[in-house]
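Here is the structure we will look at, set down as C-alpha cells.
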Amino acid sequence: MDESNTANTYKWLYIFIGLVVLLNFSGLFVTIVAPDGALYAGIAKSMVLRNNYIDLFAEGRDWLDKPHFPFWMAALSFKCLGITTWAYKLPAILFLLMGARYTYLFAKSLYNKEIALWSVLILLTAQHIVISNQDVRAEPYLTGLIIASVYHFYKSLTSKTILHITIASGFAACALMTKGMFALIPIGGAIVGHLSITKQWRLLFHWRWLLSALLILIFILPELYCLREQFDLHPEKTVFGHHNVSGIKFFFWDSQFGRFFNTGPIKGHGDPTFFVHTTLWAFLPWSLLLFAGVFQFIKKNRKNAQQAEWYSMCGFALTFLVFSASKFQLPFYTNIIFPFYAIITAQYLYGVVQAKSIKAIHIIQTVIISLLMLLVIALQYFFNPDSFNWLTCLILLALFVVMLILPSRLTLTWYQRVGVRTILAGIIVNLYLNLAFYPSLLKYQSGSEAAIWINQNNPGKLPVVQCIRVNDYSYPMEFYLDQPLYTITENGTGKLPSKPFLMYGYPNNIEFLKAQGWQITPVKTFQRYWITRLKPAFLNQRTRKSTLEQVELVMVK
C-alpha cells in the first residue's frame, strides 16, 4: 500500500473512531439503571450532600462492598457539574476513552498503527463496552485503568528512569481502589505471562517490581485510611450482621477472595462456561473473530513462542480462567480484558491472507450483521418503543444505506471492507438501543419515574416516604429525588416525617396501612418492571401489561 493510500485509510479510520466515540456518549442522558448504577450514583450523591468523602453510605447506613475510587470520581463530577444523570456517567466514559487511547498506544508499540486504530474501533463497538457506558458501574473506570497500567509497565521494561513504573503503579493502585485485589490479575498476567513465555528471566526478576509493589501500597493509602476510619476504628458497627468487621481485611481478602472461594459475606454460584457464552454476546459483533484470533495466535506461535508478543493473550487468559473458576460471576466482569480482546482480534484480521479464511470471515460477519439488523427490526416491531421518533429513524436509515454502499467504495483491502461494515452495524444497533429502546424501557423503572414526577409536582415540598418490601430499596428514587427520602417497612415501622407526606408503595402494602387506620388519598400510579431481567412476555407490547406491577404514590394525612 503506497503512502497516499495509507494516508487515505488512516483518514477514514479516524472518522470512524470519531463516530464510535460519539456512539459511546449516546447513552449519557438515559436514566440510570437500577440496582447497581443507581446505588453507586446514590452513594456519590450522599458523599456530596454530607460533605463526607471518607465514609460510604447506602440506604442510610454504612456500606462495605466496593472501594472508593469510582465514587470519588462521580462525586467530583457532581461537585463541578451538579447532581445529574450525565454528570454521573461522564467521568466513567472519559476513563473508558482513556483506555481506548492506551489500547491504541499499546497495540501500536506491539504491532503497527493500522492494527492500533482497528483495535480502538473494535473496543469501542464491542457490545458490552457500549452498554457499560450507558449502564455505568465500576467497569469503565477499571477498563481504562488496567490497560493504562499494563502499557506503562510494558514501557518501563525498556526505560532507564522510574517514570513509567511510577505511572503504571499509580494506575494499578487506582484499579485496586476501584474493584479490589483481583484488578492486579490482568495486569500481572500480561506482564508476567509475556516475560515467562519469552524466558526474559532478568526482566522478570528485577528490582523494579519491588519498587512497584511499594508504590502501589503507598498510592492505596487513602483507601486504607478511609476503611480504617469508617470500620476498623468502630467495632460497634453492624456490618453483614456482625460486629468487629475490619474494612481493611475486607478490602484485601473478603471482597475478592471471599467471592472467589464463596466464603465471604457476598456469595454466588459459579459456572465454568459462563464467560465463554457471555463473551459470545458481550463482544459482539467481533466475538467469533476473537475466538478465531485466539486459536490462530496459539497455533502460529506455539513453536516459536519467544518471538511473539504474549501480553494480550496472557492478560486476558489468566483473568478469564480465574473468573471462570470463581463462584461469583457477572457478565460485565470481562469488560476489563476487552482491550486485550480488541488487539488480538485486530492483529488476526490484519494478518489473514488465505482465500478460504477470508471467505469464511465474510460469511460469518455477514450473518452476524444480518442477525443484528433483524434484532433491531424485531425490537421495533414487538417492543415498539415510544421514544422512537422520525429523527432517530432517519439517522438509522442513513447509516444503514451507508453500511451497504460505503465500504466497497472507501477501502482497499478485504478486511477493511468487512471491518467498516461491522462497525456501522454496531453503531446502528447501539444507537437504536440508546436513543429508542433504553429511554422507553426506563419508563418502567418506577422509582426514578416517581421521583422525577414528585420533583415537578410537589410545590409544597411535602416529605416523601417509601414503603418497601424486604430487599426492594428504591435506589433510583433516592438518587433522583430532590429531597430526603424516608423509608418504612411493609407494616409501617420506621422513621416517619410529620404529616402530611407523600408515600410510594405497593397497593397491598397501602391497603394494609389503610386497615391500620392511616388516612390515605391516591395521587398517581406508576407501572413497574424489573428491567434488568427482560422476558419475552414483557418485550412483546401485546402481552406486556400482564407482566407489570402497579406502584402507587399516595398522600398520608
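The values are calculated or read from the model by the stated rules, or taken from the named source; none is laboratory data. Note that this is a predicted model, so its numbers are computed, not measured. Here the Cβ positions follow ideal geometry from the backbone for every residue, glycine too, while neighbour counts run over all protein chains shown. With ligands, DNA and RNA removed, areas are computed over all heavy atoms of the protein, side chains included. Shrake-Rupley method; radii C 1.70, N 1.55, O 1.52, S 1.80 Å.
A Förster radius of 22 Å combined with the Cβ-Cβ distance from GLN527 to ASN384 puts the calculated FRET efficiency at roughly 0.90.
Using the heavy atoms of the protein chains alone and a 1.4 angstrom probe, what is the accessible area of the chain per residue in square angstrom?
Working: 24490 Å² over 557 residues.
With all protein chains present, the chain gives 44 Å² per residue.
Report, to the nearest 10°, how far helix 355-382 tilts away from the longest principal axis of the Cα atoms in the chain, using its own Cα long axis and a range of 0 to 90°. Helix 355-382 and the main axis of the chain meet at about 20 degrees. Axis angle, to the nearest 10 degrees, between helix 113-125 and the longest C-alpha principal axis of the chain: 20 degrees.
Amide H contacts under 5 Å for SER387: SER440, restricted to partners 5 or more places along the chain or on a different chain, H placed in the peptide plane at 1.01 Å from N.
Quick one, can you get me the convex hull of the C-alpha atoms of region 1-132 expressed as volume per residue in Å³?
Working: hull volume 16.4 nm³, N = 132.
Each residue corresponds to 124 Å³ of Cα convex hull volume.
Note on TRP201: accessible area is roughly 130 Å² with a 1.4 Å probe, heavy atoms of protein only. Label-to-label distance, ASN8 versus ASN540, with points set 7 angstrom from Cα along the beta-carbon direction: 5.1 nm.
Helix 287-301 and the longest principal axis of the Cα set of the chain meet at an angle near 40°. Distance between the C-alpha centers of region 196-244 and region 34-48? Whole Å please. Spelled out, the Cα-based centre of one part sits 25 Å from the other. How much FRET efficiency would the formula 1/(1 + (r/R0)^6) give for SER159 and PHE205, where r is the Cβ-Cβ distance and R0 is 22 Å, rounded to 0.05? Efficiency at R0 = 22 Å is approximately 0.80. For region 50-207, the pair-distance distribution built from all alpha carbon pairs, in bins 10 Å wide starting at 0, is 10, 33, 34, 17, 6, 0 percent. Give me the percent of the accessible area of the chain that comes from carbon and sulfur atoms, probe 1.4 Å, all protein chains in place. Its accessible area is 63 percent carbon and sulfur atoms.
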